[in-house]
Amino acid sequence: MTSVFYVEPELVIALNRSVIFVNPNDLQIFKEIILPEDLTSCGLKEGGNVNNEDNEQGDEKTTHKQNLTKELPTIQHVKMSPNRQLVAITTSGQKAVLLYTLRPELAKLVSIRNLARASSAITFSADSKRLLVCDKTGDCYEYSCEDFEAAPKILLGHLSIVYDVLWSADEKYIVTCDRDDKIRVTNYPETAEIHTYCLGHKEFVAGMALLNENTLLSVSGDKTLKLWNYKEGKELKTIELPAPGIKLALKCHNSNKFELAVLLHQPNECVVQYEITQGENGQWEFSVGEVLNFPDVICCNLAYAGERLYVVGVVNDHLTIRLSPQSPEPPTNWLSVIEEQFKDYTWTPEDISAWFKKKFDNVSEYLERKKRRIEEKQK
């Protein structure tokens, strides 16, 4: 999985086993993280789990086999803490969550802990003291970013994969969205209490962003973008998308004006941009969506960095980076220099079609059989 995001002054790009922190305005690479081929050499416990319990006897053969044929760790998600002091990396293959300090030392590994399953979404708390990791079974764990020996705590769980997670600025709520159309608002720290749900999407909810302390933005595979008062579970506005939405990037101009880019699940015309404004009456308005065309690129992620919109994709199984047509030109050779950093990695994007619900018609056949029985009786 590829990650891209911007935390001034650094654009962060991750793929396979590498993370680079670059200046989008010149050719400077601030720092780089390359994961070791074997995380157990850095302290990852073999056969460990999130509760640090011993493997049961029935799992010994499986664990032994896994140890003999270790998979290379592959980056799943990357997130920088709000105070910009830490970066968290989750991996598949050898499933782990790694914490690196960014300042004063450049990218020093300070913690490596086991994950029970591959992550599906991660986020830091507003005070940067805790990390929330959601996995592909819907469980969400809290990891301490201060006490590295503390066992993680399971905070909440969904019945399906969680695609995105947010922590409110006041840390009173954790907002999660899943494959089953739901946006769930959970109280924190009393996470056994569900505050409310935001219900209305008809397909998976792929991504979310907070516009202010009350307003949530979501995109879905049902080809809609919705605004919510998430604390009340109230839908405020629905915008029809040209195709299913699978990721979003938000750029804040001020508290009442934003730029939004949505990655669409369709070839070529795969990004749509909106301008979002809030009027004096408190109502939110959207500009007409501008669709951007990236021919022959399988687009996988996107991020705003200053005045530019970067779109990361795949061409011939290798990473490529494109800019939106409205973006200022980057420094000469900047894009090729970044692509060169990942030239040794080939990769295939995730099959997003698997995110959609499979519709099964188990009624038509029954009705047809019933019709035949009735007709036979009438003969």
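So how far, in whole Å, is the C-alpha centre of region 300-335 from the one of region 256-288? Each part reduced to its Cα centre gives a spacing of 19 Å.
Using only C-alpha atoms and all pairs of different ones, pull out the Kirkwood radius for the chain in Å with one decimal.
Details: mean 1/r = 0.0448 Å⁻¹.
Evaluated over the chain, this radius sits at 22.3 Å.
For HIS195, the residues whose amide H sits under 5 Å from its own are VAL185, THR186, ASN187, ignoring neighbours fewer than 5 places away on the same chain, with H placed 1.01 Å from N. For PHE5, the residues whose modelled amide H falls within less than 5 Å of its own, excluding neighbours fewer than 5 places apart on the same chain, are VAL12.
Sequentially through region 324-338, phi angles give Karplus couplings (6.51, -1.76, 1.60; θ = phi - 60°) of 5, x, 7, 6, x, 4, x, x, 3, 6, 4, 4, 5, 5, 5 Hz, Gly and Pro residues having no value and appearing as x. In whole percent, and with a 1.4 Å probe on the protein chains, what portion of the accessible area of region 262-368 is carbon and sulfur? The nonpolar share, carbon plus sulfur, comes to 48 percent.
What does the highest-first list of 156-164, 72-80, 281-289 look like by mean Cβ count within 10 Å? Intermediate results must be reported in sequence, preceding the final value.
Details: 156-164: 19.3, 72-80: 20.9, 281-289: 11.4.
In decreasing order of mean packing, 156-164, 72-80, 281-289 become 72-80, 156-164, 281-289.
Going by the alpha-carbon gyration tensor, a ≥ b ≥ c the square roots of its eigenvalues, is region 237-379 rounded (a/c under 1.5) or, if a/c is not under 1.5, prolate (a/b greater than b/c) versus oblate? It comes out oblate by the Cα gyration axes.
Is the C-alpha gyration tensor of region 1-48 telling us rounded, prolate or oblate? Criteria: a/c under 1.5 is rounded; beyond that, a/b larger than b/c is prolate, otherwise oblate.
Details: a/c = 3.25, a/b = 2.60, b/c = 1.25.
Prolate.
Note on LYS31: aspartates and glutamates with a C-alpha under 20 Å away, same-chain residues under 8 apart excluded, are GLU8, GLU10, GLU105, GLU339, GLU340, ASP344. In order along region 2-18, phi translates into HN-Hα couplings of 9, 10, 8, 7, 10, 10, 3, x, 10, 9, 10, 10, 9, 7, 6, 10, 10 Hz, rounded to whole numbers, per the Karplus curve 6.51 cos²θ - 1.76 cosθ + 1.60 with θ = phi - 60° and x for Gly and Pro. Figure note: ILE13, ILE154, ILE352 ranked by solvent-accessible area, largest first, 1.4 Å probe, ligands and nucleic acids not counted: ILE154, ILE352, ILE13.
Close amide H partners of GLY207, meaning residues 5 or more places away or on another chain with modelled amide H under 5 Å apart, are VAL219. Over the chain, give the accessible area per residue in Å² for a 1.4 Å probe, as an integer. Heavy-atom accessible area per residue stands at 50 Å².
Does region 298-378 come out rounded, prolate or oblate, given a ≥ b ≥ c as the square roots of the eigenvalues of its C-alpha gyration tensor, rounded meaning a/c under 1.5 and, failing that, prolate meaning a/b above b/c?
Values: a/c = 6.97, a/b = 3.50, b/c = 1.99.
Prolate is the answer for region 298-378, as a/c is 1.5 or above and a/b outweighs b/c.
With the simple spin-label model, which puts each label point 7 Å out from Cα in the Cβ direction, the LYS377 to ASN214 separation comes to 5.9 nm.
Take every pair of alpha-carbon atoms less than 8 Å apart whose residues are at least six positions apart; their mean separation over the length of the chain yields a relative contact order of 9 percent.
Helical runs assigned H by DSSP (4 residues or longer) give the chain a calculated mean residue ellipticity at 222 nm of -2500 deg cm²/dmol, each run adding -39500 (n - 2.57) before division by the residue total.
May I ask which of LYS79/LYS129; LYS172/LYS202; LYS223/LYS343 have a Cα-Cα span longer than 23 Å here?
Details: LYS79/LYS129 13 Å; LYS172/LYS202 27 Å; LYS223/LYS343 34 Å.
Over 23 Å Cα-Cα: LYS172/LYS202; LYS223/LYS343.
The dipole here belongs to the chain: it is taken about the Cα centre, uses +1 on the Cβ of Lys and Arg and -1 on the Cβ of Asp and Glu, and is about 1160 debye. Here the simple spin-label model places points 7 Å from the Cα toward Cβ, and for TYR197 and LEU72 these points are separated by 4.3 nm. Semi-axes of the equivalent ellipsoid for region 83-213, computed as √(5λ) from the eigenvalues of its C-alpha gyration tensor and ordered from largest down, come to 25, 16, 13 Å.
Determine the share of region 122-252's accessible area contributed by carbon and sulfur atoms, expressed in whole percent, with a 1.4 angstrom probe. Carbon and sulfur: 47 percent of the exposed surface of region 122-252.
Paramagnetic label reach from VAL291 (point 7 Å along Cα→Cβ; backbone nitrogen cut-off under 20 Å): within region 205-220, residues 219-220. Listed values for region 153-158 are Karplus-derived 3J(HN,Hα) couplings in whole Hz (6.51 cos²θ - 1.76 cosθ + 1.60, θ = phi - 60°), namely 10, 7, 9, 7, x, 10, and x replaces Gly and Pro. The accessible area of GLU368, taken with all protein chains in place and a 1.4 Å probe, comes to roughly 90 Å².
The values are calculated or read from the model by the stated rules, or taken from the named source; none is laboratory data. Quick caveat: nothing in here was measured; it's all calculated off a predicted structure. As a convention, Cβ positions derive from the backbone with ideal geometry for all residues, glycine included, and neighbour counts pool all protein chains shown. These area figures cover heavy atoms from the full protein model, side chains too; ligands, DNA and RNA do not enter into them. Shrake-Rupley method; radii C 1.70, N 1.55, O 1.52, S 1.80 Å.
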